[in-house]
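**Student:** Handing you a structure now.
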Amino acid sequence: GAGVSQSPSNKVTEKGKDVELRCDPISGHTALYWYRQRLGQGLEFLIYFQGNSAPDKSGLPSDRFSAERTGESVSTLTIQRTQQEDSAVYLCASSLEQGSGANVLTFGAGSRLTVL
Amino acid sequence: QKEVEQDPGPLSVPEGAIVSLNCTYSNSAFQYFMWYRQYSRKGPELLMYTYSSGNKEDGRFTAQVDKSSKYISLFIRDSQPSDSATYLCAMSHMYSGGGADGLTFGKGTHLIIQP
């Protein structure tokens, strides 16, 4: 597609439920990132994919968070047993990683998660 | 000290004013400097980026990098209400790699242009 697509755009869930957030990156972009943005806060790095591998998972806040990527394309971020503190916008971004040069990310519109 | 510092604002100015948005950084290895704009309930979008020191102009926007002072700026001329958004600076090394160190973001400055 022309841009990065994320779904759902909004998700309201009850505490303790599991949620899945989906990201469709720009076709051909090898690098994919997930960030979390709490209300009024900056971007918090969660995980980075190069192809289908995740060489950097250092930002995942707990073992309730996991992510996968398949076909060097779609990625899913899963949050198990959601807590109220998980309420945030989850942003996905992709880039043509060239090894050198500016690492320009294209972001999706985000998935807004509200945990009641 | 955080790697990238950015005043969160809000910064409120009247329409038509010149706006100056700034970031300071501590890592002298940063070579690429970017500005992203984020409208409410949207993802960040790249406005412009520069390599190393100097200025870059794109319409009403000018990005300026002073590596000796570790200070970058984004100037907006003839500001419009449609420029109201959060502006995030971001930086990377020459060989960006990827991951948490691939791109370092400031926390963003919330800008309000009053009609």
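**Student:** Just to check I understand the Karplus step: with θ = phi - 60° and J = 6.51 cos²θ - 1.76 cosθ + 1.60, what whole-Hz values come out for the range B:4-9, glycine and proline as x?
**Tutor:** 10, 10, 8, 5, x, x
**Student:** Take every residue in peptide A:109-116, count the Cβ atoms of other chains within 10 Å of its Cβ, and give the average of those counts.
**Tutor:** 1
**Student:** Ranked highest first by average number of other Cβ atoms within 10 Å, how do B:72-82, B:6-16 line up?
**Tutor:** B:72-82, B:6-16
**Student:** Still on this model: What is the local net charge at A:Arg36, summed over the other residues whose Cβ is closer than 10 Å to its Cβ (Lys, Arg +1; Asp, Glu -1)?
**Tutor:** Summing Lys and Arg as +1 and Asp and Glu as -1 gives -1.
**Student:** Right, next: Within the set A:Lys17/B:Lys2; B:Lys70/B:Lys107; B:Lys42/B:Lys67; A:Lys11/A:Lys57, which residue pairs have Cα atoms separated by over 27 Å?
**Tutor:** Beyond 27 Å between Cα atoms: A:Lys17/B:Lys2; B:Lys42/B:Lys67.
**Student:** In square angstrom, what is the accessible area per residue of chain B with a 1.4 angstrom probe?
**Tutor:** For chain B, the per-residue accessible area is 47 Å².
**Student:** I'd like the antiparallel share, as a percent to the nearest 5, of DSSP beta bridges with both residues in the protein assembly as shown.
**Tutor:** Close to 90 percent.
**Student:** Rounded to a whole number of µm²/s, how large is the Stokes-Einstein D of chain A at 4 °C and 1.567 mPa s, given Rh as the Kirkwood radius over C-alpha pairs?
**Tutor:** 91
**Student:** Right, next: Please find, in a Gaussian network model of chain A (springs between Cα atoms separated by less than 10 Å), the residue of A:Thr70, A:Thr82, A:Thr30 whose mean-square fluctuation is greatest.
**Tutor:** A:Thr70
**Student:** In 5 Å bins starting at zero, report the fraction of Cα pairs in the protein assembly as shown per bin as a rounded %.
**Tutor:** 1, 7, 14, 18, 18, 16, 12, 8, 4, 1, 0
**Student:** Right, another one. Using a 10 Å cut-off around each Cβ of peptide A:60-67, what is the average number of partner chain Cβ atoms that fall inside?
**Tutor:** For peptide A:60-67, the averaged partner shielding equals 0.
**Student:** Please report, in cubic angstrom per residue, the volume enclosed by the convex hull of the alpha-carbon atoms of the range B:1-101.
**Tutor:** Per residue, the Cα convex hull of the range B:1-101 comes to 110 Å³.
**Student:** Roughly how much accessible area, to the nearest 100 Å², goes out of reach of solvent when B and A pair up, both sides summed, probe 1.4 Å?
**Tutor:** Approximately 1800 Å², summed over both chains.
**Student:** Can I ask one more? Keeping the other protein chains in place, figure out the carbon and sulfur percent of the accessible area of chain A, with a 1.4 Å probe.
**Tutor:** In chain A, the share of accessible area belonging to carbon and sulfur is 44 percent.
**Student:** Taking the Cα centroid of the range B:1-49 and of the range B:66-80, what is the distance between the two, rounded to the nearest whole Å?
**Tutor:** The distance from the Cα centre of the range B:1-49 to that of the range B:66-80 comes to 9 Å.
**Student:** Using a Gaussian network model of chain A with C-alpha springs under 10 Å, which one of A:Gln83, A:Gln41, A:Gln50 is most mobile by mean-square fluctuation?
**Tutor:** Taking springs between Cα atoms under 10 Å, the residue moving most is A:Gln41.
**Student:** By DSSP, what percent of the beta bridges with both residues in chain A are antiparallel, rounded to the nearest 5?
**Tutor:** Just about 90 percent of them are antiparallel.
**Student:** Peptide B:31-38: average number of partner chain Cβ atoms within 10 Å per residue?
**Tutor:** Per residue, the average neighbour count from other chains is 3.
The values are calculated or read from the model by the stated rules, or taken from the named source; none is laboratory data. Quantities reported herein were computed from a predicted structural model and do not represent experimental measurements. For neighbour counting, all protein chains shown are included, and Cβ atoms are generated from backbone atoms with ideal geometry for every residue, glycine included. Please note that ligands, DNA and RNA were not included when accessible areas were found on the heavy atoms of the full protein model with its side chains. Shrake-Rupley method; radii C 1.70, N 1.55, O 1.52, S 1.80 Å.
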